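What follows is a short report on a single structure.
Read-outs: derived from the displayed coordinates by stated rules, not from any lab. Because the structure is predicted, anything quoted here is derived from the model rather than measured. Positions of Cβ are backbone-derived with ideal geometry, glycine not excepted, and every protein chain shown enters the neighbour counts.
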Amino acid sequence: MKILMPLLIFFSFSVFADEFTSRVELIEEGDGNLPHLIKLENGRVVFLDGAERELITDFEDSQRNGDYLEVVVDETNSYVSAETVENENSIVPEETKRSPNFSYDPTVVSGYSEASSIFSRMRRNYQYESQCYNRAHIWAYEENKRSNLNSMKLFLFFTNRYIRNYRYQWWFHVSPMVLVNEDGSSVERVLDRRYTNGPRYVNSWTNIFIYSGRKCPVVQKYNDYRNNQEKEDCYLIPVSMYFWQPRDIVSRDNNGYEKKSFIKSEVDWAYWEAF
């Protein structure tokens with residue numbers, strides 16, 4: 001079993017320690033003054049001292065191997081330790097078919113009242129430590145089965161600049177989104193059953209998470225976020241309800257693989273993790 005050696009720490013675990021299991025998704029290197037950012041598949045960000053180059057190498061090895069890591073952080077979300085673990089519930093992503101001409105038509109609901117009804121039907125018995133992408137997947141999946149609603153999802157990506165400035169512990173968030181008929185126009189309303197009490201306009205929703213109050217530009221490609229980490233605090237990418245994790249956006253952009261349906265193994269995983 002491979003172990004990433006812990007940094008020296010000067011506090012007791014009885015004070016605070018947060019532990020979670022995930023794979024490494026992205027590594028954003030800092031330097032002696034700026035911390036390295038270890039972006040995990042579950043959306044969490046781990047801060048690692050900019051001088052710890054050897055530990056970065058260990059994380060890079062784990063990323064290449066697709067290892068699941070049991071990570072421990074302190075109260076500032078700084079790295080304490082990480083250990084490679086077996087994950088019996090892990091799934092192998094299913095390859096989706098190349099669909100360059102696939103067109104997704106989201107449902108336009110009749111008005112705010114209908115959007116509120118959809119919101120109120122979204123289950124609230126999620127596990128407290130569940131991940132946003134799993135909650136969002138089940139909320140979208142269940143309403144589609146219930147009413148044939150073709151909803152959207154809205155990915156909110158936080159940039160390195162924002163993460164470092166606010167010591168923010170997440171690098172993305174996602175929620176279902178519907179188009180609502182308001183005076184003849186289709187208006188986007190986000191349905192985030194965990195962080196709001198009803199359908200929200202996009203800017204009202206992002207302001208919950210963006211402490212600077214800056215607007216998040218809407219982009220269509222993942223690289224528009226990935227390659228512009230210092231220009232903005234955040235970016236938004238709207239996708240269909242079938243998208244589960246950021247890797248689905250990357251796969252679409254790089255390989256043309258467009259999801260056209262829910263994948264059972266992903267739905268099963270989302271139920272297991274979130275509810």
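Numbers for the structure displayed
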quantity	calculated
Sequence of TYR225, TYR242 once ranked by neighbouring C-beta atoms within 10 Å, starting from the fewest	TYR242, TYR225
Cut-off under 5 Å, modelled amide H: who pairs with TYR68 long-range	VAL85
Förster radius 22 Å - calculated FRET efficiency between ARG23 and GLN169, Cβ distance, rounded to 0.05	0.80
Cysteines without a disulfide-compatible partner [the chain; Cβ-Cβ under 4.7 Å]	CYS132
For region 142-212 and region 15-80, distance of Cα centres in Å	26
Mean shadow area of the chain over all directions, Cα convex hull, nm²	15.5
Unit Cα scatterers, Debye sum, region 145-198: log10 I(q)/I(0) for q = 0.32 Å⁻¹	-1.17
Links that overshoot a 30 Å alpha carbon limit, given the list LYS145/LYS215; LYS221/LYS264; LYS39/LYS153	LYS145/LYS215
Rounded to 10°, Cα long-axis angle of helix 112-121 versus longest principal axis of the chain	50
